Amino acid sequence: MSTVAEIDLSTEAKHADVETPLARPVIQLDHIHKIYTMGDVEVHALRGVSLTIREGEFVAIMGASGSGKSTMMNIIGCLDRPSRGAYILDGQDVSELSKDERADIRNRKIGFVFQGFNLLSRTSALENVELPMLYAGVEGAERRRRALDALASVGLAGREQNHPNQLSGGQQQRVAVARALVNQPALILADEPTGNLDSRTSVEVMEIFQRLNREHGITLILVTHEPDIAEYAKRIIVFKDGRIKRDELVADQRDAAEELRNLPEIVDEEED
Ligand SMILES: Nc1ncnc2c1ncn2[C@@H]1O[C@H](COP(=O)(O)OP(=O)(O)OP(=O)(O)O)[C@@H](O)[C@H]1O
Ligand SMILES: [Mg+2]
């Protein structure tokens with residue numbers, strides 16, 4: 001990544017340190033169950049998941065298709081509620097909140113990155129990144145300034161006016177990462193963020209995540225099917241049949257920035 005502008009996230013999570021066992025819990029799940037009811041059929045997607053994730057952690061979630069990963073991410077992201085069990089987010093019990101209250105928490109505390117990028121196709125990269133701040137009531141000039149900073153921090157200075165269809169997959173995902181950042185979230189959730197990307201572009205996206213985690217202390221949770229990608233995280237949790245099957249620290253964390261330095265440069269096809 002050529003452009004590495006600093007984005008000011010100093011108000012949040014700056015002093016996170018996962019090495020300290022006393023880092024503040026950001027997520028506490030206590031015996032979470034999720035049962036989907038479809039007509040007469042019940043699907044027990046989560047069967048008693050208990051988990052603590054602390055400030056400054058970088059966690060990869062793995063497990064077979066249907067094991068409950070996205071269900072758990074939706075609960076952690078306050079997009080859905082558990083059927084049973086308690087969820088404390090950043091010290092606040094969110095298991096019983098209304099839809100509107102959850103939307104408010106999402107907007108203030110959580111940034112989302114999805115496999116399919118989920119950008120608005122008819123608006124520029126800049127406007128896509130400004131959108132969460134519009135919802136949060138951030139004033140116009142400040143909105144623009146923060147969006148420009150966030151785009152620069154993911155190496156997209158100069159591409160602000162491009163629409164998603166004028167950007168490569170990796171660039172679109174970087175816009176999505178910038179959008180996830182602008183409200184200075186305590187937590188970023190990414191569900192298979194590299195699922196649609198080639199391998200070099202995947203490493204580029206992981207480099208951004210590692211930088212956000214290391215330099216800004218942002219807590220990150222990422223779902224992936226790829227063991228290679230999971231090794232950029234500090235901790236890997238494996239799901240099986242709605243339960244946690246394994247939960248381990250990564251002994252030898254990969255370093256995306258270093259790997260990129262050793263990969264041959266690819267010239268951006270849209271470069272002037
Ligand atoms: N909205 C829903 N309604 C009914 N059942 C659902 C719903 N969402 C998920 N499920 C079921 O819950 C179980 C867990 O699904 P989930 O999407 O969490 O799996 P996953 O681990 O994310 O899988 P994948 O790797 O394929 O994305 C599956 O059996 C799935 O069919
Ligand atoms: Mg899923």
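The values are calculated or read from the model by the stated rules, or taken from the named source; none is laboratory data. Model, not experiment: these values are computed from the prediction. Backbone-built Cβ (ideal geometry, glycine too); neighbour counts: all protein chains shown.
Could you give every pair whose Cβ atoms fall below 8 Å, whose first residue belongs to region 238-250 and is touching a residue at least 60 places away in the same chain (Cβ under 8 Å), and whose second residue is more than 15 Å from ligand 1 (Cβ to nearest atom) and among the polar types (S, T, N, Q), counting only separations of at least 6 or pairs across chains? Listed by first residue and then by second, the contacts come to ILE244/SER50.
Can you pull out every residue in region 169-193 that is touching an Asp or Glu at 6+ places or on another chain (Cβ under 8 Å) and among the β-branched types (Val, Ile, Thr)? The answer is VAL182, and nothing else. Screening THR201, THR194, THR219 for residues that are of a type in the set (Ser, Thr, Tyr) and at pLDDT 95 or above leaves exactly one candidate, THR219. Here the helices (runs of 4 or more DSSP H) wholly within region 59-168 that include at least 3 residues being charged (D, E, K, R) and either touching an Asp or Glu at 6+ places or on another chain (Cβ under 8 Å) or within 16 Å of ligand 2 (Cβ to nearest atom) (or both) are 140-153. Considering only residues of region 146-177 that are among the small types (Gly, Ala, Ser) and buried (at least 24 other Cβ atoms within 10 Å of the Cβ), which is nearest to GLU192 (Cα to Cα)? The selected residue is ALA176.
From the residues in region 29-48 that are surrounded by fewer than 23 Cβ atoms within 10 Å (Cβ to Cβ) and away from ligand 1 (no atom under 11 Å from the Cβ), which one is nearest to ARG84 (Cα to Cα)? It comes out as HIS33.
Reported count of residues in region 51-74, each being touching a residue at least 60 places away in the same chain (Cβ under 8 Å) and more than 8 Å from ligand 1 (Cβ to nearest atom), is 11.
Kindly evaluate SER95 against the criterion of being of a type in the set (Ser, Thr, Tyr) and within 16 Å of ligand 1 (Cβ to nearest atom). It is false that SER95 is of a type in the set (Ser, Thr, Tyr) and within 16 Å of ligand 1 (Cβ to nearest atom). Within region 199-223, residues that are on the phi < 0 side of the Ramachandran plot and in a helix (DSSP H, G or I) reach partners that are surrounded by fewer than 21 Cβ atoms within 10 Å (Cβ to Cβ) and among the charged types (D, E, K, R) with beta carbons closer than 6 Å, at six or more positions or on different chains, in the pairs VAL203/GLU259.
Condition check ((1) within 16 Å of ligand 2 (Cβ to nearest atom); (2) within 25 Å of PRO264 (Cα to Cα)) across all residues:
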{"site": "GLU207", "(1), (2)": "no, yes"}
{"site": "ARG211", "(1), (2)": "no, yes"}
{"site": "GLY217", "(1), (2)": "no, no"}
{"site": "VAL223", "(1), (2)": "yes, no"}
{"site": "ALA230", "(1), (2)": "yes, yes"}
{"site": "ALA233", "(1), (2)": "no, yes"}
{"site": "ILE237", "(1), (2)": "yes, no"}
{"site": "ASP241", "(1), (2)": "yes, no"}
{"site": "GLU248", "(1), (2)": "no, no"}
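Within region 48-58, if we keep just the residues that are assigned to a strand (DSSP E or B), out of contact with any His (no Cβ under 6 Å at 6 or more places or on another chain) and more than 16 Å from ligand 2 (Cβ to nearest atom), the residue that is farthest from ASP241 (Cα to Cα) turns out to be ARG54. Selection over region 232-253 of residues that are surrounded by 17 or more Cβ atoms within 10 Å (Cβ to Cβ) and either at negative phi or under 19 Å from the mean Cα position of the chain (by Cα) (or both) gives a count of 9.
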